[in-house]
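As structure tokens, the structure follows; a few thoughts come after it.
The values are calculated or read from the model by the stated rules, or taken from the named source; none is laboratory data. Since we're looking at a predicted model, the values are computed, not measured. For neighbour counting, all protein chains shown are included, and Cβ atoms are generated from backbone atoms with ideal geometry for every residue, glycine included.
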């Protein structure tokens, strides 16, 4: 089954403790992206990657890092999480760039930073 | 500055009737528009899209209309079914404008289909 898989689904952590949210897709998509969803703000893009070893900032990149060492994986790294990063995070992928083909989303990771 | 606006946080429609979800945008560079549907505890799923060279695109019960002069698009669902109850996100991009490769999303409209 074609899918985007995120782990974990739920995560509670404390301020400053580094964490990684993994994302993997099995559709051989070149493009991958991370979004966060907050009440009243909709979905906002954090980082995206057009292909392996190519990453770029989205609209709200501060406090986040990503890497794209392999085509299928695009982990989101929070080096020093803060409470304002409490949010619902979605990973997405598409065959080409987000502008040219629809995005396939994972089921989300709900992160709470205390 | 919100470039994609969905001014109705929620909408309640009777089963079998037409559901109309609205979306306004401010960026005249946007030339590609999409609708996504989201159920609780799941990621958004792509529903339908429209390019700015068209004013209508239809897929089964779903039709999207684009009015470029008014910078307005709408999603029509006919007839509405209980499974259509979800949050609907409008999204837009400027495919020919360069810049960050991403979609700009609205805040979403929660559609509730009443039996």
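What to note about this one:
- The number of residues in segment B:30-84 being away from chain A (no Cβ under 14 Å), buried (at least 18 other Cβ atoms within 10 Å of the Cβ) and under 29 Å from residue A:6 (Cα atoms) comes to 1.
Conditions (1) in contact with a helix residue (DSSP H, G or I) (Cβ under 9 Å, 6 or more places away or on another chain); (2) within 20 Å of residue B:87 (Cβ to Cβ); (3) modelled with pLDDT of 95 or more; (4) surrounded by fewer than 18 Cβ atoms within 10 Å (Cβ to Cβ), marked per residue:
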| site | (1), (2), (3), (4) |
| --- | --- |
| A:53 | no, no, no, yes |
| A:58 | no, no, no, no |
| A:64 | yes, no, yes, no |
| A:85 | no, no, yes, no |
| A:88 | no, yes, yes, yes |
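- In this structure, residue B:87 qualifies as within 14 Å of chain A (Cβ to nearest Cβ) and in contact with a strand residue (DSSP E or B) (Cβ under 7 Å, 6 or more places away or on another chain).
- Verdict on residue A:110 being at pLDDT 95 or above, within 11 Å of chain B (Cβ to nearest Cβ) and in a strand (DSSP E or B): yes
- Checking the stated criteria, residue B:106 turns out to be within 23 Å of residue A:107 (Cα to Cα), in contact (Cβ under 8 Å) with a residue 40 or more places away in the chain and crowded, with 21+ Cβ neighbours inside 10 Å.
- Residue in segment A:13-27 that is surrounded by fewer than 17 Cβ atoms within 10 Å (Cβ to Cβ) and within 14 Å of chain B (Cβ to nearest Cβ) present: yes
- The residues of segment B:90-115 that are more than 22 Å from residue A:45 (Cα to Cα) and either at the interface with chain A (Cβ under 8 Å from one of its Cβ atoms) or modelled with pLDDT of 95 or more (or both), listed by number, are B:111, B:112, B:113, B:114.
- Some residue of segment A:97-104 being buried (at least 20 other Cβ atoms within 10 Å of the Cβ), modelled with pLDDT of 95 or more and within 14 Å of another protein chain (Cβ to nearest Cβ): no
- Residue B:25 being touching a residue at least 40 places away in the same chain (Cβ under 8 Å), surrounded by 13 or more Cβ atoms within 10 Å (Cβ to Cβ) and at the interface with chain A (Cβ under 10 Å from one of its Cβ atoms): no
- Of the strands (runs of 3 or more DSSP E) lying entirely inside segment A:1-73, the ones with 2 or more residues being closer than 17 Å to residue A:84 by Cβ and touching a strand residue (DSSP E or B) at 6+ places or on another chain (Cβ under 9 Å) are found at A:10-13, A:19-25, A:31-38, A:42-51.
- Among the numbered conditions (1) more than 12 Å from the chain's Cα centre (by Cα); (2) farther than 18 Å from residue B:44 by Cβ; (3) within 12 Å of another protein chain (Cβ to nearest Cβ), the only one that residue A:62 does not meet is (3).
- Complete set of residues in segment B:1-19 that are more than 17 Å from residue B:85 (Cα to Cα) and either surrounded by 16 or more Cβ atoms within 10 Å (Cβ to Cβ) or under 15 Å from the mean Cα position of the chain (by Cα) (or both): B:3, B:4, B:5, B:7
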